[in-house]
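The next block holds one structure in the form of structure tokens; read it before the comments.
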Amino acid sequence: MRLTTRATYSIKALLDLAMLSKGQRASVRAIAERQQIPAPYLEKLLIELRQAGLVCSQRGAQGGYRLARPPRRIPISAILAAVGESLDLRTNSSEGARAPQESAGAGADWVTAALWARIAQRVQQVLEETTLEDLYFDARSWQAAQSQEGKFVV
């Protein structure tokens with residue numbers, strides 16, 4: 001299981017905004033440079049995140065982006081949903097969990113599908129319970145352990 005580039009860049013951008021002081025804004029260019037994300041791609045993601053109500057934007061010389069609500073109120077699942085991402089952990093997502101048929105192979109397929117459905121449910125639960133604030137503190141702890149306090153690249 002892996003997060004897509006869209007998901008990873010979206011989370012990194014919001015973590016970057018979480019670093020800002022209250023009321024402070026950041027430009028697309030500044031976020032892109034700090035997080036090493038292509039600016040045109042980041043701009044599209046930020047538009048989707050704004051439409052989902054996760055970030056606010058302001059035009060002009062003092063403009064830029066900021067979080068629309070505190071990081072503790074932004075679950076990772078909301079970030080993924082905002083950019084059209086989800087995690088599908090089933091091995092055969094088109095069939096899902098179906099009833100076993102007469103053959104032994106079909107029974108094994110049903111068992112596998114049922115197991116993946118349970119795993120997917122738990123992963124979704126973690127994504128709903130984990131907030132941007134949780135990742136922020138995890139990143140800060142890792143940086144402190146690596147002696148990289150002054151640089152915040154996720």
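Being at pLDDT 90 or above and closer than 17 Å to Thr8 by Cβ is the requirement here; does Ile119 meet it? Reasoning before the result, please.
Details: at pLDDT 90 or above: yes; closer than 17 Å to Thr8 by Cβ: no.
Judged against the criteria, Ile119 is not a match.
Within segment 5-18, which residues are within 9 Å of the chain's Cα centre (by Cα), open to solvent by 10 Å² or more (accessible area, probe 1.4 Å) and not aliphatic (A, V, I, L, M)? Break it down into steps so the answer makes sense when it comes.
Initial filter on segment 5-18 (within 9 Å of the chain's Cα centre (by Cα)): 6-12, 14.
Within this subset, residues satisfying the condition of being open to solvent by 10 Å² or more (accessible area, probe 1.4 Å) are 6, 8-9, 11-12.
Once the filter is applied, which keeps residues that are within 9 Å of the chain's Cα centre (by Cα), open to solvent by 10 Å² or more (accessible area, probe 1.4 Å) and not aliphatic (A, V, I, L, M), segment 5-18 yields Arg6, Thr8, Tyr9, Lys12.
Looking only at segment 57-87, how many residues end up being farther than 24 Å from Gln125 by Cα and open to solvent by 40 Å² or more (accessible area, probe 1.4 Å)? Before you say what the answer is, go through the steps one by one.
First, pick out the residues of segment 57-87 that are farther than 24 Å from Gln125 by Cα: 57-66.
With the extra rule that they be open to solvent by 40 Å² or more (accessible area, probe 1.4 Å), the set shrinks to 57-62, 66.
Within segment 57-87, residues that are farther than 24 Å from Gln125 by Cα and open to solvent by 40 Å² or more (accessible area, probe 1.4 Å) number 7.
How many residues, within segment 16-65, are within 25 Å of Thr4 (Cβ to Cβ) and of a type in the set (Lys, Arg)?
4
Report the residue count in segment 21-32 for those that are surrounded by fewer than 15 Cβ atoms within 10 Å (Cβ to Cβ) and over 14 Å from Gln62 (Cα atoms).
Summing the residues that are surrounded by fewer than 15 Cβ atoms within 10 Å (Cβ to Cβ) and over 14 Å from Gln62 (Cα atoms) in segment 21-32 gives 2.
Restricting the first residue to segment 1-13 and requiring it to be in contact (Cβ under 8 Å) with a residue 24 or more places away in the chain and over 15 Å from Ser77 (Cβ atoms), which pairs with a second residue that is outside any helix (DSSP H, G or I) and open to solvent by 60 Å² or more (accessible area, probe 1.4 Å) meet a Cβ separation below 6 Å and a spacing of at least six or different chains?
Here the result reads Lys12/Val154, each pair linking segment 1-13 to a residue that is outside any helix (DSSP H, G or I) and open to solvent by 60 Å² or more (accessible area, probe 1.4 Å).
The values are calculated or read from the model by the stated rules, or taken from the named source; none is laboratory data. This structure is a prediction, so every number in the text was calculated from the model and none was measured. Cβ sites come from the backbone with ideal geometry, for glycine too, and all protein chains shown count toward neighbours. For the accessible areas, the whole protein counts, side chains as well, though only heavy atoms, and no ligand, DNA or RNA atoms are used. Shrake-Rupley method; radii C 1.70, N 1.55, O 1.52, S 1.80 Å.
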